[in-house]
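Values quoted throughout were computed directly from the atomic coordinates according to the rules given, and no laboratory measurement underlies them. On a predicted model such as this, the values are computed, not experimentally measured, just so you know. Please note: Cβ atoms are built from the backbone with ideal geometry, for glycine as well, and neighbour counts cover all protein chains shown.
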């Protein structure tokens, strides 16, 4: 027999020969031992935890699919706005020096995209970027989700029409080319501009 087996056998046999009077001794001296409470899971608790786990996975998957969209605003100042799934601006990036000066004093973060575009157009008017010689505002939206991109375009077009500013839309040619290359029209415009810049 191995040592470990002998030890186990002695322990099991000692329970028969040596009485367990530990509790009697404790009570005679007035000591109450602390008992460890075991965690007990019932069916309701287990189901609730499982539901919370599945819900958190669902939320992670949904938010992962809602990637932010990009809105490029070009007058002469060029600005890139990152817009979340709630159409609120989460990041602003000037793309040239004029863009930096245009948004320098504008607080656009956390604003709905329509308010951000209004502020940009108003500031561009004040700074003289939009005038009789240059009335056109180029706004390009790009998103992984074509429906979101279209919704952003609609919001922005409404603002620019209200401000009585000329703007460039995605032409049918660009839309057709985007369809052929399996990208959104906004991405197609960005690709075409990158190719033109080389």
Can you tell me the length gained on complete extension of the stretch residue 2 to residue 54, counting 0.36 nm per residue apart and subtracting the Cα distance? 13.8 nm
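Could you rank the peptides 138-144, 149-155 by their average count of other C-beta atoms within 10 Å per residue, with the highest value first?
Descending mean neighbour count gives 138-144, 149-155.
Can you give the FRET efficiency for residue 44 and residue 114, using 1/(1 + (r/R0)^6), R0 = 41 Å, r = Cβ-Cβ distance, to the nearest 0.05? Could you put the intermediate results ahead of the total?
On the way: r = 47 Å, r/R0 = 1.14.
It comes out at approximately 0.30.
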Computed lengthening from residue 29 to residue 157, 0.36 nm per intervening residue step minus Cα-Cα distance: 37.5 nm
Extension gain, residue 90 back to residue 179 (0.36 nm per residue minus Cα-Cα distance, nm): 29.2 nm
